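Chemist: Please read through the structure below; I'll follow up with questions.
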Protein chains: 2
Amino acid sequence: MNLLHPLADAKAGECVDELLTRPSLRIERIVSLGQASPPDFWYNQAEGEWVLLLAGAARLRFADEDEARELGPGDCLDIAAHRRHRIDWTAPATPTVWLAVFYS
Amino acid sequence: MNLLHPLADAKAGECVDELLTRPSLRIERIVSLGQASPPDFWYNQAEGEWVLLLAGAARLRFADEDEARELGPGDCLDIAAHRRHRIDWTAPATPTVWLAVFYS
């Protein structure tokens, strides 16, 4: 399987593919196309999430930081369980491809 | 952290960076530059390993398959625990960047 070709068409909404599911572990590919979190929405997840941007561009904001983080291809970060965060922006014209590793 | 810039110089040997370590989970970046498994060597790992090629090119061979698999950027596969495999080849002139998620 290739995570970059072909890409799901995310015009109508983010596309999520489960790549691997094991006890306490789930790996997903998420394709965004301009989607962002709703205003004032914050993710507050029971699982940890390690995330890697494979293509595109995004701004991810943590509730405990003043500035959003600008993410490009190759950028990765760990989101601890219950650390509130939101997606402020994803590139509107080109797909943004995330690899997300959820763990508990 | 960015997994593509800067790249470790792997001329003298593969470079491994631990990105995340949790109970039953370890995420690593591995940078290869022409390295391959020694002749007749097979990995036989106690952990499962989900692997994604981020850059470069490689040939991965499973002991239970006749042909090596050609891997390029975006290609991913799951290597079950104890499924014997080896790296036949990695690109000699440009770095090959692997993301490896080890789980048990």
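Chemist: Going by a 1.4 Å probe on protein heavy atoms, which residues of the range B:25-55 end up with at least 50 Å² less accessible surface in the whole assembly than in their chain alone?
Modeler: B:TRP50
Chemist: With a point put 7 Å past each Cα toward its Cβ, work out how far B:TYR43 is from B:ASP78 in nm, to one decimal.
Modeler: It works out to 1.6 nm between the two label points.
Chemist: Can you give me the orientation-averaged projected area of the convex hull built on the Cα atoms of the protein assembly as shown, in nm²? Don't skip to the answer; put the middle values down first.
Modeler: On the way: hull surface 49.1 nm².
Answer in nm², one decimal: 12.3.
Chemist: Loop by DSSP (not H, G, I, E, B), at most 12 other beta-carbon atoms within 10 Å: where is the longest site-free stretch of chain A for GluC sites (Glu not before Pro)?
Modeler: On the way: sites that count: A:GLU65, A:GLU67.
No qualifying site falls inside A:1-64, the longest such stretch.
Chemist: Okay, moving on. Give me the percent of the accessible area of chain A that comes from carbon and sulfur atoms, probe 1.4 Å, all protein chains in place. Don't skip to the answer; put the middle values down first.
Modeler: Details: 2630 of 5070 Å².
Carbon plus sulfur share of accessible area: 52 percent.
Chemist: Using a probe radius of 1.4 Å on heavy atoms only, what accessible surface per residue do you get for the protein assembly as shown? Whole Å² is fine.
Modeler: 49
Chemist: Report relative contact order for chain B in percent, whole number only (criteria: Cα-Cα under 8 Å, sequence separation at least 6). Display every interim value, and only then the final one.
Modeler: Working: 255 pairs, mean separation 36.8, N = 104.
Value for chain B: 35 percent.
Chemist: To the nearest 100 Å², how much accessible surface do chains A and B cover up together, summed over both, with a 1.4 Å probe?
Modeler: Details: alone 5910 and 5910 Å², together 10140 Å².
Summing both chains' loss of accessible area gives about 1700 Å².
Chemist: On each of the three principal axes of the Cα atoms of the range A:1-88, give max minus min coordinate, whole Å, ordered largest first.
Modeler: Extents along the principal axes: 37, 32, 24 Å.
Chemist: Given springs between every Cα pair under 10 Å in a Gaussian network model of chain B, which of B:ALA36, B:ALA57, B:ALA46 has the largest fluctuation?
Modeler: Evaluated over chain B, the most mobile residue of the options is B:ALA46.
The values are calculated or read from the model by the stated rules, or taken from the named source; none is laboratory data. Just so we're clear, the structure is a prediction, and the values are computed from it rather than from any experiment. Cβ sites come from the backbone with ideal geometry, for glycine too, and all protein chains shown count toward neighbours. Accessible surface is based on the protein model in full, side chains and every heavy atom, while ligands, DNA and RNA are left aside. Shrake-Rupley method; radii C 1.70, N 1.55, O 1.52, S 1.80 Å.
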